[in-house]
Ligand code: IVH
């Protein structure tokens, strides 16, 4: 589709969303036909953005509102329905990216019917109870918000992992999945659980919230755009083609279903049976609640909703399933979804408040990002006074004005975001946003950058200087403990520090001795850390490694040409910009400053474990066979990780030795990955 048209459609969808309640009442068939066509086009476009590009432009709630409106219209005008079951739920969209081989699922991966209100859910439960003609045992699980995956095991060996794709065939992402998650490669065969010759184990791959925050914090510090939602980051990671990206991020796999299974008598007989087997085979499974009767089911769903922020992964609802497979068979399947299960979507955590102002933050590379300053409100248990806005275009598209009543939502429960404006409540005195033409910090005239951005071109801008120094000292680069934002701020304000090489000229008069020790130690860090810390355009940790591998030593860095950088694997455009920057006077000065201060980076020791587990939090439970707990903890710390006493939402891994009980259960409940001792050791070795 033409891009102007796309943009116009985007604006249209936005207006239409605000007008949903009016247009849902459309009664004439021709108006309905027109509206249905609009909705289909908009949904198709948002599907494409969501599934193929992992870059949605509207929130899930807005998307669901479009789908609901379409469903209501189709129900009123059934003659306008198309074959693909818009009236129900079902699979829409297609996550295939064209970059992986496509593989057909033995049994298609269906979607689920959805409910949004208590009444809709009760209607579903009543319908199934009526069809069953007997009391039904229900299993209620959290609905993880990631991407669906199918793992094929042949004679107990994992042979491939395929995304849902269009439901019939998906992307074969086996190598990627293995690189960034813990997938059992083998199924055990025990008398209790005879192993099928062939089985498709189904589940969801998602990014734990702690990991999402870690990755985004690194990106933010690097001046890179952050991901708005853990799901987008999960998709981007699983479909990444750069192995370094895969190694640097962790995804979690939780399994809750199966597709093909042969011979048939080895298939699970109930959901509970399946979960027990999967868990015994080493899969992470969702915590399941068993209930009978609509009232109990509803109460459990409400509890899950209330407790959703305690889960390690992003949840967007609950899935309610008939437990027994025999009854599932009797109920059968609709066009695109089974009749025995439903996904009840939680209301997004959303509040309305007043937009006080929009301020502009200047990043490490000078990029300007708008921040909404709000009247403080509570959202999902914490008070917020600021929310993020993507960029200038977003402000124009939504027409935010200062003084407006705005809607704030938590994306993936983490970063509050501005998602719309209540036009009906717009006060007369609301003021349109004025966009800065000069840097709010150093007053230098801004330059346009990229499609939607502006940047301050002044390298000496105090905001850029501080961000650059903070980043240089952060764990993403030199990892100089103690040299945090507060100390950096003081040193810059006092004129003691203006460029990163100046760090190596600091004395005991300016910083505490323990920080000096850390600075001294950092002189021998790996070369890529220095490259990352330079603040080169579009260079995060991954690209920095490529550049460092190619340069080999510090002295060679300043002489790298565009061609060298292309040979290192950078795109021509990035290579061009980086080469120009490296040759610039300020950069040459910094590099000379490093050498003069005795900086001697270590060779890019591939096996060095330093930083391998940077930011990852571990909890140990049970008895480890090969090493003591103290030794295990020491190794985690040496690799840059953290050790916690108890399982929390911020825990990344629980390492379970023999006899670990409560903490393992707690990990399951919170959806935290559980590692065996062997898996832990492999991770330490970076295998
Ligand atoms: S059961 C026949 N259980 O939600 C479909 N799905 O909207 C069986 N999902 O396609 C799916 N958590 O990608 C099931 N505990 C859970 C789930 C879950 C997340 C996803 C899955 C599914 C989609 C349906």
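Tabulated data for the structure shown
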read-out: Those residues of segment 96-109 which are farther than 16 Å from residue 204 by Cβ, over 22 Å from the mean Cα position of the chain (by Cα) and within 16 Å of the ligand (Cβ to nearest atom), in sequence order; value: 106, 107, 108
read-out: Hits in segment 293-310 - residues which are out of contact with any strand residue (DSSP E or B) (no Cβ under 6 Å at 6 or more places or on another chain), within 16 Å of the ligand (Cβ to nearest atom) and touching a residue at least 60 places away in the same chain (Cβ under 8 Å); value: none
read-out: Search result, residues across segment 198-237 that are within 16 Å of the ligand (Cβ to nearest atom), over 18 Å from residue 369 (Cβ atoms) and either without any contact (Cβ under 8 Å) to a residue 40 or more places away in the chain or in contact with a strand residue (DSSP E or B) (Cβ under 6 Å, 6 or more places away or on another chain) (or both); value: 199, 200, 201, 202, 203, 204, 205, 206, 208, 234, 235
read-out: Every residue from segment 110-125 that is more than 13 Å from the ligand (Cβ to nearest atom) and surrounded by 17 or more Cβ atoms within 10 Å (Cβ to Cβ); value: 121, 124, 125
read-out: Verdict on residue 275 being assigned to a helix (DSSP H, G or I) and either within 19 Å of residue 152 (Cβ to Cβ) or within 16 Å of the ligand (Cβ to nearest atom) (or both); value: yes
read-out: Residue match in segment 248-259 (condition: part of a strand (DSSP E or B) and within 13 Å of the chain's Cα centre (by Cα)); value: yes
read-out: Positions within segment 126-148 being within 16 Å of the ligand (Cβ to nearest atom) and in a helix (DSSP H, G or I), in sequence order; value: 128
read-out: So residue 326, is it part of a loop (DSSP other than H, G, I, E, B) and either in contact with a strand residue (DSSP E or B) (Cβ under 7 Å, 6 or more places away or on another chain) or more than 12 Å from the ligand (Cβ to nearest atom) (or both); value: no
read-out: Filter pass, residue 189 being within 20 Å of the chain's Cα centre (by Cα) and surrounded by fewer than 24 Cβ atoms within 10 Å (Cβ to Cβ); value: no
read-out: Flag for residue 336 being outside any helix (DSSP H, G or I), more than 30 Å from residue 649 (Cα to Cα) and touching a residue at least 60 places away in the same chain (Cβ under 8 Å); value: yes
read-out: Residue selected from segment 149-169 under the condition within 14 Å of the ligand (Cβ to nearest atom) and surrounded by fewer than 21 Cβ atoms within 10 Å (Cβ to Cβ), by the criterion farthest from residue 312 (Cα to Cα); value: 168
read-out: Flag for residue 581 being assigned to a helix (DSSP H, G or I) and under 18 Å from residue 498 (Cα atoms); value: yes
read-out: Condition check for residue 526: farther than 18 Å from residue 594 by Cα and modelled with pLDDT of 90 or more; value: no
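The values are calculated or read from the model by the stated rules, or taken from the named source; none is laboratory data. Source: prediction; values computed, not measured. Don't worry about glycine lacking a Cβ; one is built from the backbone with ideal geometry, like all the others, and counts go over all protein chains shown.
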